[in-house]
Amino acid sequence: MKYETKKMIPAEVFPLWSYIHEEMLDRGWDKRDLAVRMGGDAREQSISLHTLEFIEVVRNPDCSIGEETAMRLARAFGVSKELFINLDNSYRVWRRTRDKKAKASR
């Protein structure tokens with residue numbers, strides 16, 4: 001007997017910034033704490049270049065997180081860089097699928 005498997009599509013996927021924001025809240029971190037843990041300098045008034053790259057990625061749905069930023073986030077949070085890459089990719093795929101469905105229904 002053959003079973004068909006259907007590709008499961010989540011109802012909603014949260015953007016990477018949402019995950020990072022929740023983790024920062026849970027740890028009591030602000031942007032400067034994150035920048036330092038990502039390799040920035042706490043004495044600087046601005047946050048690290050990699051954090052700025054991350055913020056740009058969040059604002060631009062056509063960009064994806066870079067390998068270097070994923071690695072720095074992984075170091076900051078003590079997890080694998082693949083976690084951040086996969087979260088980002090999953091959200092972007094979900095968003096493109098949702099946007100295509102919305103355009104098709106117009």
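Roughly speaking, what is the stretch gain from Asp99 to Glu68, that is 0.36 nm per residue apart minus the C-alpha to C-alpha distance, in nm to one decimal?
Taking 0.36 nm per residue and subtracting the Cα distance, the gain is 8.3 nm.
Would you mind checking the pairs Lys31/Lys101; Lys7/Lys103; Lys7/Lys101; Lys2/Lys81 and listing those with alpha carbons more than 28 angstrom apart?
In this structure, Lys31/Lys101; Lys2/Lys81 exceed 28 Å between Cα atoms.
Coordinate-derived values only; no laboratory data. What you see is a predicted model, and the numbers here were worked out from it, not measured in a lab.
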